[in-house]
Amino acid sequence: MIAYIGVQEQVEKDFHRALLKASLHRWKGRLHRDSDRERLLSFDEAKRNLARWSQAYQGMRIVEVEKITGSVGRYRDFDRFFLPRKQSMSTRWRRVDRAYHQGVELPAVSLYKIGEAYFVRDGNHRVSVARYHGVAAIDAEVVEIRGQMRTDPARRAARTKDAMAHLAQPAPRKGYWKGTWSARLFAFVRREGGGIGPKPEEAST
């Protein structure tokens with residue numbers, strides 16, 4: 001914590017530094033032609049990869065901030081480290097950051113969980129400020145999405161097309177795949193059977 005007199009100045013500095021770091025990450029991605037790596041996971045895209053799914057309310061949990069790697073509707077507004085990418089986000093971000101410095105208790109965030117990944121339903125700025133300050137864990141209300149990965153013909157054809165395109169490209173540098181957006185999107189999928197969570201008793205559409 002810092003003295004109250006210096007809070008406003010510190011908040012201004014925090015947002016400027018967060019924005020600068022996000023900008024540096026973005027330019028680094030462009031330099032290495034790996035810009036997809038620098039964005040958050042999309043909840044809708046992740047859920048669309050489940051052929052059958054159900055949801056289960058998990059209640060209040062303490063969640064490791066680093067496991068929150070996606071967002072329901074604002075995945076384009078933050079980079080993969082949950083740093084703000086737009087100057088227009090300053091008002092809300094600084095308001096949350098000011099509360100952090102003043103020790104104000106904020107409401108728990110709301111998250112969806114798919115496999116081992118968490119997606120923000122409500123509280124993107126709270127997660128962003130927590131990540132910026134290196135907070136280890138955060139209180140969250142969690143709903144878990146459970147289901148099976150899609151294996152429909154169209155998806156198999158798309159994978160085949162991607163594989164053929166990949167064969168026409170130079171071999172990627174060592175360690176590249178581990179950091180790509182697609183790799184992070186499916187990192188939480190179990191290798192055996194492609195299942196996420198226990199087999200649902202009732203599937204939703």
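The values are calculated or read from the model by the stated rules, or taken from the named source; none is laboratory data. Since the structure is predicted, the reported quantities are computational estimates derived from the model, not experimental observations. No Cβ is skipped: glycine too gets one built from the backbone with ideal geometry, and neighbour counts run over all protein chains shown.
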So which residues in the stretch 113-139 are out of contact with any helix residue (DSSP H, G or I) (no Cβ under 8 Å at 6 or more places or on another chain), charged (D, E, K, R) and either buried (at least 21 other Cβ atoms within 10 Å of the Cβ) or farther than 18 Å from Gly59 by Cα (or both), if there are any at all? Lys113
Name the residues in the stretch 114-146 that are closer than 20 Å to Asp77 by Cα, part of a strand (DSSP E or B) and among the basic types (Lys, Arg), would you? Arg121
Can you tell me which of (1) modelled with pLDDT under 95; (2) part of a helix (DSSP H, G or I); (3) under 26 Å from Gly6 (Cβ atoms) is the one Ala158 doesn't meet? (3)
The lone exception for Tyr100 - which of (1) modelled with pLDDT under 95; (2) not in a strand (DSSP E or B) it fails: (1)
State whether one or more residues within the stretch 105-126 are more than 22 Å from Leu83 (Cβ to Cβ), aliphatic (A, V, I, L, M) and under 15 Å from the mean Cα position of the chain (by Cα). yes
Just to be sure before I move on: is Val120 of a type in the set (Val, Ile, Thr) and farther than 22 Å from Arg39 by Cα in the structure I sent? no
